Amino acid sequence: MSIGGGGGGGGPVGVTNSFTGPAEALEIIGDHAYAYSGEISATGDTGGATVGMLDFTSGNYLFVGTLDFSNTVTSGTDVFLEMGMNGANVITLEEDSDPNHPGITEFKIIIPAYTEVTVKWGLASGTKVATAIMQGRIYRTSD
């Protein structure tokens, strides 16, 4: 969360709250929002996407943006990714790693108001790291 001001953009450093590091939360600055998981390690034999990367509940707004997933797996193992909304998986990815594949996947997403969001990952063998980045615009309804 941002220094003293939460994600609402009204903290002591003004509208451009300082980036304080990776977090599971969605940060909001004006009409924009972002979340950076940072590098999250997973060890193989997870049986799917079981390691948490992002976990938050959206507020009174509509989020329109992207979920970018990248990992350091180069070859020889399956990679799993899941994005859930209100307990239901809306994105499920299982891909066989390929040295010719850059290991980066982008999904266009829309998140409705007051929605519980989770992003998890895993891999079939070894120990590697991955990152999740969510970025986009938020739209608020006026009264």
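The values are calculated or read from the model by the stated rules, or taken from the named source; none is laboratory data. No experiment lies behind these values; they were computed from the predicted model shown. Please note: Cβ atoms are built from the backbone with ideal geometry, for glycine as well, and neighbour counts cover all protein chains shown.
Among the criteria (1) modelled with pLDDT under 95; (2) within 12 Å of residue 134 (Cβ to Cβ), the one residue 32 does not fulfil is (1).
Is it true that residue 28 is touching a residue at least 12 places away in the same chain (Cβ under 8 Å), in a strand (DSSP E or B) and out of contact with any strand residue (DSSP E or B) (no Cβ under 6 Å at 6 or more places or on another chain)? The answer is yes for residue 28.
Residues in the range 43-57 that are in contact with a Phe, Trp or Tyr (Cβ under 6 Å, 6 or more places away or on another chain) and small (Gly, Ala, Ser) were compared, and the one that is surrounded by the fewest Cβ atoms within 10 Å (Cβ to Cβ) is 48.
Answer yes or no: is there a residue in the range 36-45 that is among the aliphatic types (A, V, I, L, M) and under 25 Å from residue 20 (Cα atoms). Checking the range 36-45: at least one residue is among the aliphatic types (A, V, I, L, M) and under 25 Å from residue 20 (Cα atoms). Of the listed requirements (1) modelled with pLDDT of 90 or more; (2) surrounded by 13 or more Cβ atoms within 10 Å (Cβ to Cβ), residue 11 misses just one: (1). Screening the range 70-85 for residues that are in contact with a strand residue (DSSP E or B) (Cβ under 6 Å, 6 or more places away or on another chain) and farther than 19 Å from residue 116 by Cβ and picking the one that is surrounded by the most Cβ atoms within 10 Å (Cβ to Cβ) gives 73.
Given the range 36-143, what strands (runs of 3 or more DSSP E) lie entirely inside it while holding 1 or more residues that are in contact with a Ser or Thr (Cβ under 7 Å, 6 or more places away or on another chain), at pLDDT below 85 and among the β-branched types (Val, Ile, Thr)? Ranges flagged: 104-111.
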